Amino acid sequence: MRRNHLPDWAKQRIQRDSEFALAFFEKELRQAERSYGADSPQALNAREQYAVALHRTGESEKAEAELSAVIARRGSVWDVSDPWARYAKSWEAHVLYALGRFDEAEREWRELAAEYNRVLGADHLEAVDAHENHALTLARLNRVAAAEAEMAGVVEKKTAAKGGDHAATLQSRTSQAVYLDTLGRRAESEAAWRGLAEAKGRLLGGDHAEMIGAGQVLRRGVPRVA
């Protein structure tokens, strides 16, 4: 069952109660397996929801195993035009990242970004998100120059689609500023932090120049995948 087809009460409960979500999707999975078979699209889709619920309750190892099983059952060639296939692949990459398996997560995000570019288009929201997650994972692997270059493209596309002061764009701009600082590109880093401070000022009013100094704190780590 897709979440947008759920009754409102279930959507709200799932959103705020991860244990309820786990029990709910486990029940959906068992019903789909009984009604349609374990390898049916209905059961595979339900298993994906169950796996994500496992991850959100802290059972990420089990979640990764479930997602891997779903992807394997879908076959060696997955259809990127199928939103359920994309859901499984992207969540597997998220879970691999959360487990600290950054080499595997980097490969997944790289392949996803390339496929999304090819099938959905480079400006599609899911393609941009895949590139952003790839950049974040590259940074975790200390490949900061590559992360900055990819994040620059993300910032450009988000700015074109949403505007430079949109919250999602500002988040990406912050990541890019961190990478510039880490790389020792001081002039570019300072300009990036100043631009962020100005954007913050436009949004909140007043003087938010302290945003520039935030770079010194953020240098200690890079933003994590959501």
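The values are calculated or read from the model by the stated rules, or taken from the named source; none is laboratory data. Computed from a prediction, not measured in an experiment: that's the story for all the values here. Quick reminder, even Gly has a Cβ in these numbers, built from the backbone with ideal geometry, and neighbours come from all protein chains shown. Please note that ligands, DNA and RNA were not included when accessible areas were found on the heavy atoms of the full protein model with its side chains. Shrake-Rupley method; radii C 1.70, N 1.55, O 1.52, S 1.80 Å.
Tally up the residues in the stretch 172-187 that are open to solvent by 60 Å² or more (accessible area, probe 1.4 Å) and in contact with an Asp or Glu (Cβ under 9 Å, 6 or more places away or on another chain), please.
Of the residues in that region, 3 qualify.
Hey, can you tell me all the residues within the stretch 173-226 that are modelled with pLDDT under 85 and touching a Gly at 6+ places or on another chain (Cβ under 7 Å)?
ASP207, HIS208
Tally the residues that are open to solvent by 30 Å² or more (accessible area, probe 1.4 Å) and assigned to a helix (DSSP H, G or I), restricting the search to the stretch 37-70.
The number of residues fulfilling the criteria is 10.
Filter the stretch 18-36 for residues that are open to solvent by less than 90 Å² (accessible area, probe 1.4 Å) and more than 21 Å from the chain's Cα centre (by Cα) and give the result.
PHE20, ALA23, PHE24, PHE25, GLU26, GLU28, LEU29, ARG30, GLN31, ALA32, GLU33, SER35 - these are the residues of the stretch 18-36 that are open to solvent by less than 90 Å² (accessible area, probe 1.4 Å) and more than 21 Å from the chain's Cα centre (by Cα).
Since ASN133 meets every condition but one in (1) in contact with a helix residue (DSSP H, G or I) (Cβ under 7 Å, 6 or more places away or on another chain); (2) at pLDDT below 95, which condition does it not meet?
(2)
Every residue, every condition in (1) out of contact with any strand residue (DSSP E or B) (no Cβ under 6 Å at 6 or more places or on another chain); (2) at pLDDT 95 or above; (3) under 22 Å from SER18 (Cα atoms), yes or no:
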| site | (1), (2), (3) |
| --- | --- |
| THR57 | yes, yes, yes |
| SER76 | yes, no, no |
| ALA85 | yes, no, no |
| LEU96 | yes, yes, yes |
| PHE102 | yes, yes, no |
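Matching residues to (1) out of contact with any Gly (no Cβ under 7 Å at 6 or more places or on another chain); (2) under 23 Å from PRO83 (Cβ atoms); (3) among the aromatic types (Phe, Trp, Tyr):
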| residue | (1), (2), (3) |
| --- | --- |
| LEU99 | yes, no, no |
| ASP103 | yes, no, no |
| GLU106 | yes, no, no |
| ALA113 | yes, yes, no |
| TYR116 | yes, yes, yes |
| GLY121 | yes, yes, no |
| LEU125 | yes, yes, no |
| ASN133 | yes, yes, no |
| ALA149 | yes, no, no |
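Confirm whether ASN133 is among the polar types (S, T, N, Q) and open to solvent by 60 Å² or more (accessible area, probe 1.4 Å).
Criteria not met by ASN133.
Restricting attention to the stretch 79-92, which residues are open to solvent by 40 Å² or more (accessible area, probe 1.4 Å), of a type outside the set (S, T, N, Q) and over 23 Å from LEU54 (Cα atoms)?
Residue satisfying the conditions is ASP79 alone.
So, in the stretch 143-164, how many residues would count as being open to solvent by 50 Å² or more (accessible area, probe 1.4 Å) and within 23 Å of GLY201 (Cα to Cα)?
The qualifying residues number 6.
Taking the stated definitions as given, is VAL70 of a type in the set (Val, Ile, Thr) and within 30 Å of ALA149 (Cα to Cα)?
The answer is no for VAL70.
In this structure, does LEU120 turn out to be hydrophobic (A, V, I, L, M, F, W, C) and modelled with pLDDT of 95 or more?
Taking the combined requirement at face value, the residue does not satisfy it.
Give all pairs with beta carbons closer than 7 Å in which a residue from the stretch 59-86 that is over 19 Å from ALA38 (Cβ atoms) and touching a residue at least 24 places away in the same chain (Cβ under 8 Å) meets a residue that is small (Gly, Ala, Ser) and in a helix (DSSP H, G or I); count only pairs at least 6 apart in sequence or on separate chains.
SER60/ALA98
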